[in-house]
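In what follows, a structure is listed as structure tokens, so that the remarks can point back to it.
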Amino acid sequence: MAAFDSGSFDHAFDIGGGGVETGTATAGLSVSVVSPLVFSSASGSIGWSPTVIVGAADVSARLSGSVRISAAEDSARVAALTLIPASAADLEGYEGQAVTIDVTLFRPGQTATWRLFTGTVERSEFALAERLVTLSCRDGWQERPAACASAAQVEALLGGLATTSGRLLPWSDAEPDPVAYFSGLLETIPGATAIDSSGVWQVVRWDIGTPEETFAAGEVFDGSVDVITAARADVPEAVRATLAVRGHRLHSAEVDIDWTAVDYSLYILQGLPVLPKTTAQAALDGVPDWNTRGDPVIVEPTPGSYGPIGGSYYVVSADQAAAICQSFEATLYRRWYQEVEVVYSITIDLGGASSRDDSISAAFSSDFDVSEWESAPREASVSPIYSANPPHPPGTPTGYEGLPAPIPPTNGAVDHFGDITTPDLQAAVAQVVARAMRRVGEGRRQRRVRFARPLDPRWEIGAVLAIDSGGVAATGQVSEIEHDMDIDSGAMASSFTLAVPDGDGEVTGFTATASAPGNTVAHTLDAPDLGNWIGSSYDTLPDPDEDTVQGFLCNVDPRSDGYDVEAPAYVPQFRIVMPDIPAPLRDPLTVETTISAAVTIASGSLEITF
Amino acid sequence: MALSFGFYSDAALTTPVASRLRFVQPVADPVAVDRVIWFGSPLPGRVCQAGSDPGVDPVTIGITDADSGSGSPAGDVRLALTSGGLDTAVGGDPLVLPETIAGGVAAAVAVHIRVLDSTHASGVHNDLSLITNALREADA
């Protein structure tokens with residue numbers, strides 16, 4: 001028995017695996033050389049003939065009823081047709097078949113063939129009583145974005161008109177969602193998408209220039225002209241676009257402090273203790289939230305014999321002096337953060353009557369690890385490489401070496417947004433303004449003019465047409481099309497809906513810029529007054545303000561003459577209480593700023609006369 | 001199984017070109033009409049080569065005229081791999097593709113077509129077609 005061949009086993013399940021195939025691929029061309037006379041509505045006769053291919057079968061001879069095709073911006077073109085199936089087996093095979101619908105127009109001496117629809121059969125419905133099957137067909141507008149495999153492919157579908165922002169609308173290679181990405185970008189384009197009658201994806205700008213054709217009264221059906229004004233809800237008073245960028249305001253404040261010991265005479269007269277260096281250093285190191293910039297300057301007493309006072313001396317040996325703090329100077333600094341939300345906004349007047357709040361908002365946040373920035377001790381961050389290799393020539397240390405960046409200005413603040421770059425910000429601002437522009441454009445394009453004329457397949461979505469009929473003179477852009485051909489009666493018509501926006505230019509577009517606002521934060525924190533507080537003394541204040549009791553706290557020796565057993569005694573310590581940070585500099589902050597933007601909407605024209 | 005390689009109307013290879021590609025030209029003062037279709041296979045793992053000498057001879061797309069002497073001449077059609085290439089392409093010349101074309105959407109080859117009528121004769125001309133040379137499709 002032959003050994004198991006895992007390769008062959010796997011291969012057997014490969015999609016498309018099927019060995020070798022041979023043949024040729026073909027695509028027919030049809031060149032329709034057309035005289036404009038074929039579309040003339042001048043007196044005379046015009047004939048037409050549909051050609052419908054389902055799969056590979058020409059079903060034109062089996063058509064019954066009507067063939068109706070409709071198209072609109074940003075949606076699939078759909079077609080519905082009814083035919084007489086050749087057999088019951090046909091009913092099983094319609095769904096999913098490719099469909100093309102062509103029409104050939106005849107006038108004496110003129111012929112023109114146009115494609116009206118390219119798509120697939122979505123659904124078939126068989127009416128047993130009439131033995132007719134109705135095919136509902138659709139083009140691939142929904143499927144096309146779904147087939148994209150990368151952000152670039154989706155963006156290409158929008159013809160470069162989309163405004164991208166990786167912060168607001170990111171693409172994930174790990175979990176791609178091309179449909180959502182397409183939908184998001186579609187909201188930013190100054191135009192529309194459609195698949196044309198030949199099945200080709202199209203992106204059309206909402207630009208309205210010179211009309212390609214003007215239809216006079218004799219070119220449109222009597223009574224077919226309608227003027228549709230925008231609904232009140234479609235045109236709000238204004239569209240407000242806001243972008244919130246969340247980051248941090250990083251503060252830094254420093255305060256100079258100093259302390260000096262009492263006169264030596266008090267050591268003799270009251271037996272006061274000296275302040276050990278270790279106590280002073282521990283006090284400096286132990287101030288909550290504050291750190292010492294660089295190293296404190298601690299001054300030792302000069303060794304020697306001081307006195308006599310009353311026959312007594314205060315003697316300081318060299319060894320003792322090395323452990324005593326006679327005075328010190330230090331700079332304490334504190335860094336803290338404040339959550340800040342910068343709100344960039346713009347309000348675009350739409351001039352509508354609706355007070356409906358039509359706003360567009362978006363937000364993104366910095367991923368900066370601000371807790372680490374705030375709490376990282378300086379020493380822990382000093383690079384051993386730096387320590388072992390100090391710069392040459394040596395610079396003057398700032399005392400902030402080793403702190404994680406950014407370093408705010410002294411007694412100031414810096415607004416920090418981590419990895420959010422200026423291009424990120426500009427792209428996000430542009431995207432919210434683009435969305436606002438499209439919202440405004442959509443609202444204004446709700447003013448429409450609709451008319452119908454004999455079947456006219458020349459125009460696709462986005463074509464600029466004009467009409468001057470029945471007291472209505474309008475120029476606009478085709479936003480909806482409907483072709484209707486009645487096989488039984490021979491009637492045929494095309495209905496066009498023109499978007500006739502009340503705009504302010506020939507093109508729809510925008511410009512937008514924004515810059516991060518600066519800050520003028522300047523800290524002036526009061527330094528604590530570090531003194532010497534002596535307890536158990538006749539001079540001890542009975543009820544001092546606790547906030548002022550700072551510096552070296554000690555007590556008179558009970559054996560000295562100055563000892564007062566009834567006076568309050570202090571817990572010996574070196575006490576430093578640094579000033580509080582005011583709430584407006586700590587609490588979350590919102591900063592409002594404006595976007596510099598200009599939005600233009602292509603304008604149609606509409607004039608109605610009675 | 002038939003060839004999975006063929007002509008598609010979209011880059012995602014979702015819609016095969018099942019019927020004639022329509023080009024409309026005004027009878028007077030015609031303006032060139034460009035169109036792009038794609039040649040490829042939606043099946044990754046398949047490759048297409050010329051049947052004459054697979055991997056050596058290139059895949060080609062030619063223009064055939066089923067009724068020379070009437071309708072449109074092949075010279076009215078230009079083919080190119082880029083839209084810019086249409087400007088320098090010679091009407092009626094075949095388009096040369098690589099020797100091996102892989103399956104899958106990413107490997108689809110864009111085929112740019114330009115039609116400019118020279119007949120100025122009103123009517124519908126269905127005599128032209130695009131056709132590849134003999135192909136051999138196999139697993140990669």
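Results, tabulated for the structure shown:
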item	result
Student exercise, the protein assembly as shown dipole from Lys, Arg, Asp, Glu Cβ charges, in Debye to nearest 20	2200
Given charges at beta-carbon only (K, R positive; D, E negative), |dipole| of segment A:459-610 in Debye	460
Residue (of B:Gln25, B:Ser122, B:Thr14) at the positive-pole extreme of segment B:6-139, dipole from beta-carbon charges	B:Thr14
3J(HN,Hα) from dihedral phi, segment A:101-111, Karplus parametrisation 6.51/-1.76/1.60, rounded to Hz, x for glycine, proline	10, 10, 9, 10, 9, 10, 10, x, x, 10, 9
Sequence-separation-based contact order of chain A, relative, with Cα cut under 8 Å and 6+ spacing, percent	18
Shielding score for B:114-126, defined as the mean number of other chain Cβ atoms within 10 Å	4
Test item: Cα-centred dipole of segment B:6-139, Lys/Arg +1 and Asp/Glu -1 on Cβ, debye	300
Label point distance in nm, B:Asp87-A:Gln202, each placed 7 Å from Cα along Cα→Cβ	2.5
Sorted by Cβ density within 10 Å, fewest first, the residues A:Glu130, A:Glu254, B:Glu137, A:Glu546	A:Glu546, A:Glu130, A:Glu254, B:Glu137
Rounded to whole Hz, the Karplus (6.51, -1.76, 1.60) HN-Hα couplings of segment B:87-101, x for glycine and proline	5, 9, 5, 9, x, x, 6, x, 9, 9, 9, x, 5, 9, 10
Sequence-separation-based contact order of chain B, relative, with Cα cut under 8 Å and 6+ spacing, percent	36
Distance from segment A:254-286 to segment A:148-186 (C-alpha centre basis), Å	67
Bridge type composition, chain A - antiparallel percent by DSSP, nearest 5	85
Cα centroid separation, segment A:436-511 to segment A:319-334 (Å)	85
A:Thr118, B:Thr119, A:Thr593, A:Thr396 arranged by Cβ crowding within 10 Å, fewest neighbours leading	A:Thr396, A:Thr593, B:Thr119, A:Thr118
Sequence of A:Glu339, A:Glu95, A:Glu219 once ranked by neighbouring C-beta atoms within 10 Å, starting from the fewest	A:Glu95, A:Glu339, A:Glu219
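FYI, it's all coordinate maths here, none of it is from the lab. Since the structure is predicted, the reported quantities are computational estimates derived from the model, not experimental observations. Virtual Cβ from ideal backbone geometry, glycine too; neighbours counted across all protein chains shown.
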